[in-house]
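Student: Before I ask anything, here is the structure I am working with.
The values are calculated or read from the model by the stated rules, or taken from the named source; none is laboratory data. Just so it is clear, the structure is predicted and the values come from calculations on it, not from any experiment. With ideal geometry, Cβ positions are generated from the backbone for all residues, glycine too; neighbour counts draw on all protein chains shown. For accessibility, only protein heavy atoms count, side chains too; no ligands or nucleic acids. Shrake-Rupley method; radii C 1.70, N 1.55, O 1.52, S 1.80 Å.
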Amino acid sequence: MFYRDGIVYRSSLLDGFDGIVHGFTSREGGVSTISHLASLNLTRNLGDTDGNVTANLGIFARAVSGDTMDASSLVTAHQIHSVRIRTVGPENRGEGSLRECGEDCDGFVTDRQGVMPVVRTADCVPILLCGTKADGSFVVAAVHAGWRGSAGGIAGAAVERMCELGCLRDTVKAAVGTHIRECCYEVRQDFIDAVSEMRDPGFAARHIRKSGSDGKYRADLCGMNVEILNGAGVDDSRIDISPFCTACDPDRFFSHRASGGKRGTMGAGIAIAGTGPADGCP
Ligand SMILES: [Zn+2]
């Protein structure tokens, strides 16, 4: 179940991992004042000052971590709607927050303390994952899944990478954050064709349907990701889903569709608690 804690939304499912911090933000609680970015915009070059975005990243990090981390612990990347996942560690701290981004990607995995992978969205699906190794230590992941990433299976790619790091598959739990839901995600035939080609026509038919009274097709990104996670061994009992829709509630959430593209971005971050190694000796 998702619940609100100050400016952060958390998943009670992920709270079950003692020693993990995680959270999803809305557009509330930041310092940006330009109307389409107000107030917790986390991306540069959308019209905000660098100072505002840096301040917002600090607010985000402190809120998600319960004041144990700041912007210097974050790692973000330029997202490219791929299925590319990067394994990161303390050496990546500050990428995209206090210094240049590293390599482009749409997801991160880590088994190290003191670094918080963050994905940014405004209608796309943010997914945070956690699982444990045989020795009880943690592996976490953050994923950005637009329709290309959802149909391409980035959520499953994240689970595979977690397992490569030693995570036990049957321990993995996933929290699917607030995104544009089927109610508001109208699509056309070209979208159905693209999803069919990327995955298969059956997958497209299961998640794109005429669900309203207007006879128009709508896509269910959440359903796509749940099917992908199920296929990677994460069953429904280990998946938590935000009940909200970005486009239904654009005053509370940044929504690309509802705003016509003029909007900021929200963040989703997860980290293994602890300070990790000191800077300079990762
Ligand atoms: Zn909606």
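Student: For the chain, compute Rh as the Kirkwood radius over C-alpha pairs and then the Stokes-Einstein diffusion coefficient at 25 °C and 0.890 mPa s; write the answer in µm²/s, rounded to an integer.
Tutor: Result for D is 132 µm²/s.
Student: Also, I was wondering about something else. What ranking of 173, 210, 216 comes out by heavy-atom accessible area, probe 1.4 Å, highest first?
Tutor: Putting 173, 210, 216 in descending order of accessible area: 210, 216, 173.
Student: Across the range 81-97, in residue order, what do the Karplus-derived ³J(HN,Hα) couplings come to in whole Hz, using 6.51 cos²θ - 1.76 cosθ + 1.60 with θ = phi - 60° and x for Gly and Pro?
Tutor: 6, 9, 10, 7, 10, 10, 8, 10, x, x, 5, 8, 4, x, 4, x, 10
Student: Then there is this: Given the -39500 (n - 2.57) contribution per DSSP H run of 4+ residues, what per-residue ellipticity at 222 nm results for the chain, rounded to the nearest 500 deg cm²/dmol?
Tutor: Taking each H run of at least 4 residues, the total per residue is -7000 deg cm²/dmol.
Student: Please list the non-local residues whose amide H lies under 5 Å from the amide H of residue 145, H modeled 1.01 Å from N, same-chain partners needing a gap of 5 or more.
Tutor: It is 125, 127, by chain and number.
Student: Over the range 1-103, average the accessible area per residue using a 1.4 Å probe and give it in Å², no decimals.
Tutor: Each residue of the range 1-103 exposes 42 Å² on average to a 1.4 Å probe.
Student: What's the carbon and sulfur percent of the range 174-280's accessible surface, probe 1.4 angstrom, rounded to a whole number?
Tutor: 48
Student: A follow-up question, please. Ignoring everything but the protein chains, give the 1.4 Å probe accessible area of residue 18 in square angstrom, nearest 10.
Tutor: We get 140 Å² for residue 18.
Student: Treat every Asp and Glu Cβ in the chain as -1 and every Lys and Arg Cβ as +1, leave all other atoms uncharged, and give the resulting dipole magnitude about the Cα centre to the nearest 20 debye.
Tutor: 480
Student: Roll a 1.4 angstrom probe over the protein heavy atoms and tell me the percent of accessible area of the range 34-112 that is carbon or sulfur.
Tutor: Ligands and nucleic acids excluded, carbon and sulfur give 49 percent.
Student: Let me ask you something else. Which whole-number value in Å³ per residue fits the convex hull of the alpha carbons of the range 96-194?
Tutor: 124
Student: Need one value: the accessible area of residue 98 in square angstrom, 1.4 angstrom probe, rounded to the nearest 10.
Tutor: Result for residue 98: roughly 100 Å² accessible.
Student: Taking only C-alpha pairs under 8 Å that are 6+ residues apart, what is the relative contact order of the chain in percent?
Tutor: Normalised by residue count, the contact order of the chain is 24 percent.
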